[in-house]
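Step one of this worksheet: look at the structure below.
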Amino acid sequence: MIEPSHSGEFGAPRGTYHEATPAENNKLGIWLWLASDCALFASLIATYLSLHGQTLAGPGPKQLFDLRITVTATFVLLCSSMTMGMGLEAAQRCDYRGVLRWLIPTAVLGLAFVGMQVFEFTHYVLQGLTLQVSDFGASFFTLVGFHGLHVSFGVAWITSLLIYVFRKKRVDQADAWRFEAVSLYWYFVDVVWVVIFTVVYLMGKVG
Amino acid sequence: MGHMEPAHTPPGPAPATPSAGEASAGRTHVTVAILLACLTIVAFGIVWLRAIPTGDMLPVLLVLALAQIVLQTLYYMRLRVDNRKFAIFFGGGVTLAVVISVFAHLLLLAR
Amino acid sequence: MAAVTERLVGTAPRTRSESGVWSWITTVDHKRIGILYLVTSLCFFFIGGLEAFLMRLQLATPDAHVVSEVVFNELFTMHGLTMIFLAIMPMSIGFINYMVPLQIGARDVAFPRLNALSYWLFLAGGLVLNSGWLLGGAANAGWYNYAPINIGQHVINGVSTNLNPGPDSMGITFYAIGLQLAGIGTLMSGVNFIVTIVNMRAPGMTPMRLPLFVWTTLITSVLIIFAFPAFTADLFLLTLDRLFGTGFFNVAQGGDVLLWQQLFWIFGHPEVYILIMPAFGIISEVIPTYSRKTIFGYSSMVFAIVAIAFLAFMVWSHHMFTVGMGPLVNSVFAATSMVIAVPTGVKIFNWIATMIGGRIRMTTSMLFAVGFLVCFVIGGMSGVMLAVPPADYQFNDSYFLVAHIHYVLIGGALFALFAGIYYWFPKISGRMLDEHLGKWSFWLIFIGFNVTFFPMHFLGVEGMPRRVASYPANLDLRLWNAVATFGVFILTAGLIVFLANLRKSLRSGQAAGADPWDGRGLEWSIPSPAPEYNFAAVPLVRGRDPLWVEKTYGDGHMIPYVPGGAAPEAEAGGHGHAAAEGHGEGGPGGEGHGAGHGHGIHMPNPTPLPFYLAIALTVAAYGTIFKVPEIMVLGLLGTFFFVFRLIYDHDPGHHVLPEEDAG
């Protein structure tokens, strides 16, 4: 892009012209998608906050939530973010073995998080909290489940990337943006989890 | 609009051995991860132990969450060093979304 | 000044090698996708028009029985949805697709395949929504589909009554799923346009030199990516309510009927600006061209666009004045709503000031632009009246509101789109539209529109509620209803003349040449229709209205950009610009700077993957609507398969050798 060194008046461009590469376009596109996704989560969180008091005949957050499960899940996701960072570093120096060493654990940790969520949801359903019983149940499962779907998609994405590099048996500089894209998505899912952990679980326990 | 700096710029063929810069980048990841873990433990701890009065808990928890978000977006998602366009679109959009959602929530509660 | 004589050389011969259906299905060319959008939206426009026509026939006389009440409910709902989501918005997106890359000097949008996917999802959404007519009833709860009617409940005398979940509640499932599909497509378009405009402008195309149509596109896209998620969430909750028995909007389960309204209007108000913003952009292109003047107050225009977009997010509750949010909330939203009139007024005055002292040519396009100014100001003023909460208690849900929305959406958005059609049709088709027929169509549409909708102000003030299938003869509403229906016939005649004009032009229209209007922007510097690669050489932009700058200071042709600073007056060229690395699912461009290097311009290859992906998602959509989990899962698996195919499919692209004459 040309530096905006002058306004719209007549004149030749100053500064350097840098044509955006596809990789740069992809990265900006990912950021815009994430920003948009943020607005989606904001809507669901507002829905949850507006309806979570409606426990009706079903159990409420205070009696239901077991923070020990949730905080463990949080640490699992936190670790996966760190390994993702290491994997990205490896990808940027085209370190094929490093990518495998760090991204396989990331996917496994993500899967573990999803597994814990499935366990947690089953536990709640057995205690009488369902989608239909109250709007606390409906909004809780919708919000947290939607995040869980995001994590699952992230795991699928990382796995597909691993398959991709595994078939090539190497990592090229040209693939760096692929790792950046998936890492941005993964961190974003983690950021959303921080909000959900605080707003849904911690505050739900405080009441 | 600013000049687009490619974010990943070790130009030329990839160096075979990790250099000092990469080691420090790896250290940043670990440091941030430790900070995030500490913040999570603190947030969990004050709720678990009821360490502070319930009335003060919400703002404290929100501040702790905000600190984690800032750490993650600035260091993990590299908004601190990356192209400012990303920060403008993402930061602006998120702020807008949060403000509108909070307002809508208040309107729904107000009745 | 421009030499108009030799312009006709620029007409490209119609020798596109591929022209079969398959080439349209697999295309990733922003121009062809733009044409697909334009044609599809025009078809939906006539479907929506037919629905309106039937409604006006029903309302022409008191106690009429042209259609039943049930069908009438479906008609007004589908009319609104079709016009808003399937006609006006995609028509804008069609022009954006075709024109924005040309106006910024790019060879395609940033993500050509995503662009194709956006189109196919829009089409799928439109078809799913309309398939309700055949598969158990179309949506019937109004375009804003309020709770709890949207979950099949009516509250009568304080008692909530479940309607039998038969055909009439099926339509709203089509609403929820169909709009979700179309919405995903629109969201992708928004991302695509922002990246295109931010990253892919030609050298010298600084932000404050962007054509105003590009500015409005950028801001519209920002509105899309931040407003649509609220609707996505809302539709998601509605789908859960209707198919999985949750109770988000069901008071008996602790739900909140206002939750739907809040989320809907958080999206819905920005949405009306998504409809009108590109129209503002088109008017800002048309008026300077036919006034032979640069736009008056460019910076204030940009500021007004940004201000309107920001305020658009701050006013949503003015659609809900009468739900009882209290005087404080109503006052705040009334104030923010009225503030929007200020930047809008700035734009109106700038357009008028552009015309003052200009050498005005009253072409059909310019007539529509001036018609826009008149009608949009009327619609804007009734808008300010509606923004006064006490008055709104009177106007709300009456024909006054119907008059207002049609003055801003027909008199505003649609007139501007017609101006755009007459203005850009020569660029898109290579042929001129007939001016004589064009003027006939304008006057018939303009008069018909005003005769139809102006009386609705009176009907509203006399208390006629909107969305009623009939009215008794003794209410004194007969005259203006008859006049309104009479106007529809004039309007229809105008549209038929317009269609005849299109047909005539496509068959035997006069060749347009590159620059039939003595234009100002980059799109007029290349042949009509634009070649696949758009620009044989990347143009160097030396000012606002780049082509006009060259007509004034240069030889009337764009100067090709030469990396390294060989271009005249370019003070510092590129520091040996880095070649595109990593093609990925890349856009075009790459080594295309100097076209004369022998290997041509790199363009993306056509691919059917976006089409397949849209089909898979449509299968999943029908599986959801008819509650067949196997089909839904199958569709979703197919969707993810094609998503990952698209991510990892390496597109080697192909090279095109530009023809010598760049127009």
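Structure data summary
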item	result
Options C:244, C:249; residue that is aromatic (Phe, Trp, Tyr), at the interface with another protein chain (Cβ under 10 Å from one of its Cβ atoms) and free of Cβ contacts under 8 Å to residues at least 60 places away in the same chain	C:244
Residue match in the range C:116-125 (condition: open to solvent by less than 20 Å² (accessible area, probe 1.4 Å), modelled with pLDDT under 95, assigned to a helix (DSSP H, G or I) and more than 19 Å from residue C:30 (Cα to Cα))	no
Residue count for the range B:88-111, restricted to those that are more than 9 Å from chain A (Cβ to nearest Cβ) and farther than 16 Å from residue C:317 by Cα	2
The lone exception for residue A:169 - which of (1) away from chain C (no Cβ under 11 Å); (2) open to solvent by less than 20 Å² (accessible area, probe 1.4 Å) it fails	(2)
Selection status of residue C:365, over 23 Å from residue C:218 (Cα atoms) and open to solvent by 30 Å² or more (accessible area, probe 1.4 Å)	no
Considering residues of the range C:213-237 that are β-branched (Val, Ile, Thr) and more than 7 Å from chain A (Cβ to nearest Cβ) only, the residue farthest from residue C:176 (Cα to Cα)	C:214
Within the range B:57-111, tally of residues that are under 29 Å from residue A:177 (Cα atoms) and either outside any helix (DSSP H, G or I) or in contact (Cβ under 8 Å) with a residue 40 or more places away in the chain (or both)	12
So residue C:407, is it modelled with pLDDT of 95 or more, under 23 Å from the mean Cα position of the chain (by Cα) and farther than 24 Å from residue C:316 by Cβ	no
Count of residues meeting criterion [open to solvent by 70 Å² or more (accessible area, probe 1.4 Å), at negative phi and not in a helix (DSSP H, G or I)] in the range B:33-55	2
Given (1) in contact with a Gly (Cβ under 7 Å, 6 or more places away or on another chain); (2) open to solvent by 10 Å² or more (accessible area, probe 1.4 Å); (3) within 14 Å of another protein chain (Cβ to nearest Cβ), index of the condition residue C:113 fails	(1)
Residue match in the range C:415-428 (condition: open to solvent by 10 Å² or more (accessible area, probe 1.4 Å) and among the charged types (D, E, K, R))	no
Residue A:78 hydrophobic (A, V, I, L, M, F, W, C) and either away from chain C (no Cβ under 11 Å) or closer than 30 Å to residue C:551 by Cα (or both)	yes
Test: residue in the range A:118-129 that is farther than 28 Å from residue C:240 by Cβ and of a type in the set (Phe, Trp, Tyr)	no
Only one of C:314, C:277 that is outside any helix (DSSP H, G or I) and either of a type in the set (Phe, Trp, Tyr) or within 15 Å of residue C:223 (Cα to Cα) (or both)	C:314
Close pairs (6 angstrom Cβ cut-off, 6 or more residues apart or separate chains): closer than 14 Å to residue C:210 by Cα in the range C:283-309, of a type in the set (Val, Ile, Thr) anywhere	C:284/C:295; C:295/C:354; C:300/C:346; C:305/C:216; C:305/C:219
Residues (more than 7 Å from chain A (Cβ to nearest Cβ) and touching a Pro at 6+ places or on another chain (Cβ under 7 Å)) located in the range C:192-212	C:196, C:202
Some residue of the range C:607-616 being part of a loop (DSSP other than H, G, I, E, B), at pLDDT 90 or above and away from chain A (no Cβ under 13 Å)	yes
Among the candidates C:253, C:262, residue that is farther than 30 Å from residue C:300 by Cα and either among the hydroxyl-bearing types (Ser, Thr, Tyr) or open to solvent by less than 10 Å² (accessible area, probe 1.4 Å) (or both)	C:262
Single residue of A:121, A:136, A:141, A:113 found to be free of Cβ contacts under 8 Å to residues at least 40 places away in the same chain and open to solvent by less than 30 Å² (accessible area, probe 1.4 Å)	A:141
Residue tally, condition open to solvent by 50 Å² or more (accessible area, probe 1.4 Å) and away from chain C (no Cβ under 12 Å), over the range A:144-156	0
Boolean, residue C:647 is closer than 23 Å to residue A:167 by Cα, within 14 Å of chain A (Cβ to nearest Cβ), buried (at least 16 other Cβ atoms within 10 Å of the Cβ) and at pLDDT 80 or above	yes
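The values are calculated or read from the model by the stated rules, or taken from the named source; none is laboratory data. Keep in mind the model is a prediction, meaning the values are calculated, not measured. Quick reminder, even Gly has a Cβ in these numbers, built from the backbone with ideal geometry, and neighbours come from all protein chains shown. Each accessible area value is taken on the protein alone, full model and side chains, heavy atoms only, with ligands, DNA and RNA left out. Shrake-Rupley method; radii C 1.70, N 1.55, O 1.52, S 1.80 Å.
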